[in-house]
Amino acid sequence: MKEISQRILSIPPSPTGTLNARTQELIKQGKNILNFTIGEPDFKTPLHIQEAAIMAIREGHTRYTANEGMMSLRKAIATKFKADNQLDYETDQIVVSNGAKHSLFNLYQALLNPGDEVILQTPYWVSYPTMIELAGGTPILVPTTIDTQFKMTPQLIKNYLTPRTKVLHLNSPSNPTGMIYTQEELEELGKLAIEHDLWIVSDEIYEKLIYEERHVSIASLDPQLYERTITVNGMSKAYAMTGWRVGYMAGDAALMKKVTSFQSHTTSNASSVSQMAALAALTGDQGPVEEMRQQFYNRRELMTKGLAAIPGTRVMKPNGAFYLFIEVKGWIEKLELQHDLQLAESLLYECGIAVVPGSAFGLEGYLRFSFANSEEEIQQAIERLSLKFC
Ligand SMILES: Cc1ncc(COP(=O)(O)O)c(C=O)c1O
């Protein structure tokens, strides 16, 4: 048989795939595994959203919708952008897709030519480099560490700019670090983007999970930033709706038209029932969002304090999202290991704790702990780790 496509062969296997498979295997065997790998809220989708979906099915909202999403939902998204982000988008500037991941994939297909470069910081969310490469682009990795609070600066980025640089990719609040950029920092990054005529892709999916500071959308800071930014968001994290698969983006109307055309030939619209649920989420009671944020806040406090107290770690308290990305070179040394992947394996088998190694996000010597777990589980994990490393 002839070989399958080079494109598909170029997709790297997930660095955590084997670890996840082993975690699931151990859980199936009945082992007491505390799973901190999870990238989704552990809450149920709020009841009024569930009810809206059931009603949607009964009322016949079960057919194709416009490829770019139902007009009523795009209107609600425009209202949300205005209220939350001080951004004026018309409905023809908004496209609804099957999750923010899908939005980003479509967007890069529409933006990039072969060889175009995208400035992307490490550590990064695992799917970014692959989706950029699948669009023919090249991710240009700009290193950040805990010493720089996982932040890029214009000075740092300048070392990585070339005539092929086309996009500045931002993710604030960040997965995996929980870092958020302040308004001043975004203004500085924005200036650089204007100076070098770059598009900005701003993934703001964790905007509602923010603990001290205020979320700022870079597109709202200047008309020149508004016109070059595509703001990406979705229902998954804020409304505990990961399985419903609704994400959206907003930006230049002509670009959004092209994205819609691409989407029309691949998936058509996002599920009609899920769109009705998203409409209920955006227009209904926002109380559950705040309740979930409060719980994440308490867990963050518990986990940050607990992990920082164990020798061998360096911990930055995350300002947003639900992850702690901690430096663990001391633990790797203590166990006489070489790599964070070995450390993650050791924690899984010897402590019953599943975590994602930093190398999966492009930065070795770190671990990502998700705090989408109960306070009891967090407490138990701290106890197990204290026994091993104190
Ligand atoms: C930074 C970031 N962006 C986008 C997504 C995709 O979210 P979804 O496709 O569920 O909307 C995730 C999910 O983990 C994420 O962490």
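The values are calculated or read from the model by the stated rules, or taken from the named source; none is laboratory data. If you're wondering where the values come from, they're calculated on a predicted model, not measured in any experiment. Ideal geometry is used to build each Cβ from the backbone, glycine not excepted, and the neighbour counts take in all protein chains shown. In case anyone asks, the SASA skips ligands and DNA or RNA and just uses the protein heavy atoms, side chains included. Shrake-Rupley method; radii C 1.70, N 1.55, O 1.52, S 1.80 Å.
Please find, within segment 82-140, the residue that is farthest from the ligand (Cβ to nearest atom) out of those that are within 20 Å of the chain's Cα centre (by Cα), open to solvent by less than 30 Å² (accessible area, probe 1.4 Å) and of a type in the set (S, T, N, Q).
Selected residue: ASN85.
Testing THR18 on (1) in contact with a helix residue (DSSP H, G or I) (Cβ under 8 Å, 6 or more places away or on another chain); (2) away from the ligand (no atom under 16 Å from the Cβ), one condition comes back false. Which one is that?
THR18 satisfies every listed condition except (1).
Taking segment 279-298 on its own, how many of its residues are closer than 23 Å to ASN35 by Cα and either surrounded by fewer than 19 Cβ atoms within 10 Å (Cβ to Cβ) or touching a Cys at 6+ places or on another chain (Cβ under 6 Å) (or both)?
From segment 279-298, those closer than 23 Å to ASN35 by Cα are 291-298; that's our starting set.
Among the residues that remain, those that are also either surrounded by fewer than 19 Cβ atoms within 10 Å (Cβ to Cβ) or touching a Cys at 6+ places or on another chain (Cβ under 6 Å) (or both) are: 291, 293-295, 297-298.
Total meeting the criteria: 6.
Of everything in segment 6-43, what is over 20 Å from LEU307 (Cβ atoms) and of a type in the set (Phe, Trp, Tyr)? Give them in sequence order.
Correct list: PHE43 only.
Checking the structure you have, find out if any residue of segment 23-35 is open to solvent by less than 80 Å² (accessible area, probe 1.4 Å), more than 16 Å from LEU347 (Cβ to Cβ) and at pLDDT below 95. If you could, list the steps in order and put the result at the bottom.
Of segment 23-35, the ones open to solvent by less than 80 Å² (accessible area, probe 1.4 Å) are 23, 26-27, 30, 33-35.
From the residues that got through so far, the ones that are more than 16 Å from LEU347 (Cβ to Cβ) too are 30.
From what's left, at pLDDT below 95: 30.
Yes, there is a match, as at least one residue in segment 23-35 is open to solvent by less than 80 Å² (accessible area, probe 1.4 Å), more than 16 Å from LEU347 (Cβ to Cβ) and at pLDDT below 95.
Within the set of pairs 6+ apart or on separate chains, which have a first residue in segment 51-67 that is closer than 24 Å to GLN93 by Cα, a second that is of a type outside the set (A, V, I, L, M, F, W, C) and at pLDDT below 95, and C-beta atoms under 7 Å apart?
Between residues of segment 51-67 that are closer than 24 Å to GLN93 by Cα and residues that are of a type outside the set (A, V, I, L, M, F, W, C) and at pLDDT below 95, there is no close pair.
In segment 292-323, what count of residues is obtained for those that are out of contact with any Pro (no Cβ under 9 Å at 6 or more places or on another chain), among the charged types (D, E, K, R) and assigned to a helix (DSSP H, G or I)?
4
Within segment 317-348, take every residue that is open to solvent by 10 Å² or more (accessible area, probe 1.4 Å) and under 23 Å from SER374 (Cβ atoms) and give me the one that is nearest to the chain's Cα centre (by Cα). I'd like the intermediate steps shown before the answer.
The first filter runs over segment 317-348 and keeps only residues open to solvent by 10 Å² or more (accessible area, probe 1.4 Å), leaving 317, 319, 327, 329-330, 332-339, 341-342, 345-346.
Checking which are under 23 Å from SER374 (Cβ atoms) leaves us with 317, 319.
Working: LYS317: 18, ASN319: 14 Å.
The extreme case among them is ASN319.
From the residues in segment 335-346 that are free of Cβ contacts under 8 Å to residues at least 24 places away in the same chain and assigned to a helix (DSSP H, G or I), which one is nearest to LYS388 (Cα to Cα)? First the steps, then the outcome.
Within segment 335-346, the first condition is being free of Cβ contacts under 8 Å to residues at least 24 places away in the same chain, and the residues that meet it are 335-338, 342, 346.
Now restrict to residues that are assigned to a helix (DSSP H, G or I): 342, 346.
Details: GLN342: 15, SER346: 11 Å.
For segment 335-346, the residue satisfying everything is SER346.
Considering only segment 73-91, I want to know if a residue exists there that is assigned to a loop (DSSP other than H, G, I, E, B) and among the aliphatic types (A, V, I, L, M). Steps first, please.
Residues of segment 73-91 that are assigned to a loop (DSSP other than H, G, I, E, B), as a first pass: 86-90.
Subset that is among the aliphatic types (A, V, I, L, M): 87.
Looking for residues that are assigned to a loop (DSSP other than H, G, I, E, B) and among the aliphatic types (A, V, I, L, M), one finds at least one in segment 73-91, hence yes.
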